[in-house]
């Protein structure tokens, strides 16, 4: 469903993402992990067609995001970590607006169940300024889910949610994956990644330092066998740092 | 001022300047700066170019104009101004300074000091612009005079907003606390309004005889206007002094007037604290609103949300959803009280004029003028003021880009949003003016062809100027004010001048071909009918000219659509 091939994004001399290649199949949940500045958000934005890659290709449902952006975007939803909402549209109006944009003919019928799922039913007539951080995040997620995307890109999806909201969000993500959506989520919450993701992609300084299931990653590093994801992650990052130091010119 | 705040002020200004200079490495910004320098250079060194106020700045009429402008600005700040403090704090300032152990007065002083950067740059620009105004004063004296005027106006605006904030947020108790300034302002505005309204017929008659200036001077030097305008005269007097000695005599009272404002503003601590305390009581909402550069949402969020003017059907072209969103946002942000006050003002003026002249034709003529002036203003300035398009939405570029629409479709929908709003307002004024013209036996232009041409020309003109404005926002996001916030500082001022100038040139260029085509068609129609060229000949020519214009715009929007997909996100930053 999502095919990324040799994706590179540069800002001047700085390479935010370097030759990234991976695929995400329908029903799969790929966890993007890495330290701050690793290039996770840049990767998600490139896949979503928000920023133009310097080189490489991104395909969603077989459509190249560069050459058929409308068809590719119609299949995906990108939910940023900092929800961007229109201040003058109410909660329900946001969903009606998104429904029209994505051509969801039965949007009115989908809106109420979604509002119930996101616990926003009572706030359907409220403007974003009156919503809490968590509610704004839920609204952004509802906007992303309304058109039942085949590919779901989530940047720190649990930010701002309360414990009940987190649990509900996790089950929503899992349900969407079970329904056949390809999910890419970026998070610093390793327990979330461990719980939800079928595969991991560990990034550091814009490049991939490990990809696969946790078992596959550990299989390549026997010294990490039996260790928790957090230990594995820190060991990989530490090793990546040493690699970078060796490569850096003296 | 507090040492930490002084440090913040200095380092912020320095780093901002460094950032702006670093941006000059990009050719397009360098080009813009060179164009700006050329513009200012032309103003500064071209002695042939007439001053904007040439011949009037030293005269009584010039002084009268300045006094009237300042009075209207200050009065409108009280009557139509915002109910929130005019001290705008950024997100970082709210988060870091508000919880800090600082007195509110220190925060006000910090903001006043910060505003001086803008004031000083404005002084520089105005000194250059008015240098050939007929005054004999040296540069530095004019600069000080202007600095006093601009600083006083800023301080007064802040003070008035603090009084309004306190009055509004505390209901009757707030009104009682601020009773004295409120009563003074209300009485002043009423007296001035009534005196001016009563004088309209006589001034109009004098203007017809070419004696308008004298009539206005008589009006303002007679009581009660003379007494009311006295402090305003004091303020502008140094700028119009004809010698250094007179300037010295005039500058002291003006300076004293400005100095009196400073303690008024900084000691309105109670009102400021009340406003902040009120906001703190609604912490989440206030913080969210303060975080957002579009602060108007606070007032709207507090009340019931108005229903949309029209429902959005679930199916249809997706671009309509963007237009719907933008029109809804604009209409929800409209201040109905301002509109109501304007309508009331027009009714009062109409009644007063009718009671004086008792002639419907005269009344209709004045009514036409009252519609025509804002109509023309809307055509010229409307695209700058109504900004329900990319100039708002570029701050949410991530969102826009993730939509399954072509870049050109999004750009076209954004432009159409403001065009729809502007055209609707212009059509309303046009309909009013045309209706009134039916009662006017001395209408200056043939109404029917003028209306028919305007019906086509207005949306076309709007589309052209809005395409230019949105194109500028897209291609030079760092040089166009995005969102509702007001950018301050040297660059912002220079940017505004440049943006207006360049937009004007590009708009005129875009209008050239349609105008030529329309004129040729009109000439052809006249020749075919064996008549001289008149307004009726332009009726069939206007739609053809409009077609040419929209053809041009179609090409430009296709190009802007590609630019939309490649706009550098790093350049999209909230103002302020």
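The values are calculated or read from the model by the stated rules, or taken from the named source; none is laboratory data. Being a predicted model, the structure only gives us computed values, none of them experimental. Here the Cβ is made from the backbone with ideal geometry for all residues, glycine too, and neighbour counts use every protein chain on show.
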Tell me which of these residue A:103 doesn't satisfy, since it passes every other one: (1) at positive phi; (2) more than 12 Å from chain B (Cβ to nearest Cβ); (3) in contact with a helix residue (DSSP H, G or I) (Cβ under 8 Å, 6 or more places away or on another chain).
-> (2)
Candidate set from the range B:1-35 (those that are surrounded by 11 or more Cβ atoms within 10 Å (Cβ to Cβ) and not in a helix (DSSP H, G or I)); member that is modelled with the lowest pLDDT = B:1
Could you check how many residues of the range A:107-121 are assigned to a loop (DSSP other than H, G, I, E, B) and modelled with pLDDT under 90?
-> 2
May I ask you to list the residues in the range A:147-176 that are surrounded by fewer than 20 Cβ atoms within 10 Å (Cβ to Cβ) and within 19 Å of residue A:25 (Cβ to Cβ)?
-> A:148, A:150, A:174, A:175
Is it the case that residue B:201 is at pLDDT 70 or above and either buried (at least 17 other Cβ atoms within 10 Å of the Cβ) or assigned by TED's automatic domain parsing to the domain that holds residue B:148 (or both)?
-> no
Residue B:428: closer than 17 Å to residue B:450 by Cα, in the same structural domain as residue B:474 (by TED's automatic domain parsing) and without any contact (Cβ under 8 Å) to a residue 40 or more places away in the chain, yes or no?
-> yes
Here the qualifying pairs (Cβ atoms under 7 Å; residues six or more apart or on different chains; first in the range B:556-576 and closer than 16 Å to residue B:400 by Cα and within 14 Å of another protein chain (Cβ to nearest Cβ); second assigned to a helix (DSSP H, G or I) and modelled with pLDDT of 90 or more) come out as B:561/B:407; B:561/B:408; B:561/B:411; B:562/B:407; B:564/B:407; B:564/B:410; B:564/B:411; B:565/B:407
Matching residues, the range A:45-92, being facing chain B (nearest Cβ under 7 Å) and under 30 Å from residue B:306 (Cβ atoms) | A:80, A:84, A:86, A:87, A:88, A:89, A:90
Quick check: anything in the range A:201-217 assigned to a helix (DSSP H, G or I) and touching a helix residue (DSSP H, G or I) at 6+ places or on another chain (Cβ under 9 Å)?
-> yes
How many residues are facing another protein chain (nearest Cβ under 9 Å) and surrounded by 18 or more Cβ atoms within 10 Å (Cβ to Cβ) if we restrict to the range A:106-139?
-> 7
Could we say that residue A:192 is within 15 Å of the chain's Cα centre (by Cα) and either closer than 15 Å to residue A:24 by Cα or within 14 Å of chain B (Cβ to nearest Cβ) (or both) here?
-> no
Test result for residue B:284, loosely packed, with under 14 Cβ neighbours inside 10 Å, at pLDDT below 75, within 14 Å of another protein chain (Cβ to nearest Cβ) and assigned to a helix (DSSP H, G or I) = yes
Please work out which residue is farthest from the other protein chains (Cβ to nearest Cβ), limiting yourself to the range B:403-419 and to residues that are surrounded by fewer than 22 Cβ atoms within 10 Å (Cβ to Cβ) and assigned to a helix (DSSP H, G or I).
-> B:408
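Yes/no per residue for (1) more than 11 Å from chain A (Cβ to nearest Cβ); (2) surrounded by fewer than 24 Cβ atoms within 10 Å (Cβ to Cβ); (3) at pLDDT 90 or above:
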| position | (1), (2), (3) |
| --- | --- |
| B:397 | no, yes, no |
| B:421 | yes, yes, yes |
| B:427 | yes, yes, yes |
| B:434 | yes, yes, no |
| B:438 | yes, yes, no |
| B:441 | yes, yes, no |
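Let's see how each residue does on (1) in contact with a helix residue (DSSP H, G or I) (Cβ under 8 Å, 6 or more places away or on another chain); (2) closer than 23 Å to residue A:84 by Cβ; (3) in a helix (DSSP H, G or I):
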| position | (1), (2), (3) |
| --- | --- |
| B:435 | no, no, yes |
| B:451 | yes, no, yes |
| B:463 | yes, no, yes |
| B:470 | yes, yes, yes |
| B:473 | yes, yes, yes |
